[in-house]
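This report concerns only the one structure given below.
The values are calculated or read from the model by the stated rules, or taken from the named source; none is laboratory data. Small disclaimer: the values here were computed from a predicted structure and weren't measured. Methodologically, a virtual Cβ is constructed for each residue, glycine included, from the backbone with ideal geometry; neighbour enumeration extends over all protein chains shown. For the accessible areas, the whole protein counts, side chains as well, though only heavy atoms, and no ligand, DNA or RNA atoms are used. Shrake-Rupley method; radii C 1.70, N 1.55, O 1.52, S 1.80 Å.
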Amino acid sequence: ICKTSLSLGLAMVVVIGLLVWWALTLMSKVCAKEGIYVYSNLIKKVYGKPLALVYDVVVILYTFGVLILNQTIIFTLLGEAIYNLFYYKQFDSNEQFLAESFWAYPYVKYTVPYAIGLGIIFPLCLIKDVSKLRIASLIGVVVLMSIIVLLIVEAPFYFKHYLTDIYDENEPSTHLNIYHAERGFDNTLTFFELCSSMFYAYVTTIGAIPIFNSLQNRVLRRIQKVVRRTI
């Protein structure tokens, strides 16, 4: 967001939020009307078999991409945790630890992600009733709110650090980009990186239908109540 300008980044957040709200509202109405709570079956019912087949292919490809992404994120977070707990004195930063320590050795880079996939992600994929994950979801909400509070509390200290140690009046690359949205379209094309992150939030709306299905009283009013809380 800082590379593409704060104004453009916030505008994209608003746009994606509206798209997610529109998609979830539309899906909730269709699910309640048709009584179908499986996304592929819903597409087959509304759009026909050809588009349902296209969707199935896209989901398979998307699933592999998400698995790789999750393994990469978990692997990176584990490395950062190990650095902060045990190796913060030997290395100058998380990035240096991840690039130059044993965590960058090939046997670690391949063994740990495979273990994460087989030991954590694969068993979770076998769960048919997502309501079993409601406690984990509540923990996730608490953690997310804690991060928001932490960011607000520490923001003045980070800004002071930026002014004293990073900002250079004669070096434009150190200046905060608030209004210059055109920088997102230079030779780095960072605007499209921003889009990929934002639209990931939109794609995950397909995961709402199993949540709708887990409700004991699946009426439109209750489904849309879930939608509003989610947004």
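On inspection, ILE43 qualifies as without any contact (Cβ under 8 Å) to a residue 60 or more places away in the chain, open to solvent by less than 30 Å² (accessible area, probe 1.4 Å) and more than 28 Å from ASN187 (Cα to Cα). Within the span defined as the stretch 100-109, one or more residues are exposed (fewer than 10 other Cβ atoms within 10 Å of the Cβ) and farther than 30 Å from GLN216 by Cβ. Just one of the listed residues (PHE75, PHE91, PHE97) is in a helix (DSSP H, G or I) and touching a Phe, Trp or Tyr at 6+ places or on another chain (Cβ under 7 Å), namely PHE97.
Among the criteria (1) loosely packed, with under 14 Cβ neighbours inside 10 Å; (2) touching a helix residue (DSSP H, G or I) at 6+ places or on another chain (Cβ under 8 Å); (3) of a type in the set (Phe, Trp, Tyr); (4) modelled with pLDDT of 85 or more, the one TYR62 does not fulfil is (4).
Pairs meeting the criteria (first residue in the stretch 1-23 and more than 20 Å from THR174 (Cα to Cα), second residue in a helix (DSSP H, G or I) and open to solvent by less than 60 Å² (accessible area, probe 1.4 Å), beta carbons under 7 Å, at least 6 apart or on different chains) are MET12/LEU194; MET12/MET198; ILE16/MET198; ILE16/ALA201; VAL20/ALA201; VAL20/THR205; ALA23/THR205. Kindly list, by first and then second residue, each pair from a residue in the stretch 188-199 that is under 14 Å from ILE16 (Cβ atoms) to a residue that is of a type in the set (Gly, Ala, Ser) and modelled with pLDDT of 80 or more, limited to pairs with Cβ atoms under 7 Å and residues at least 6 apart or on different chains. Note: pairs meeting the criteria are LEU194/GLY9. The criterion of at least 1 residues that are open to solvent by less than 100 Å² (accessible area, probe 1.4 Å) and in contact with a Gly (Cβ under 7 Å, 6 or more places away or on another chain) is met, among helices (runs of 4 or more DSSP H) falling completely within the stretch 124-231, by 190-203.
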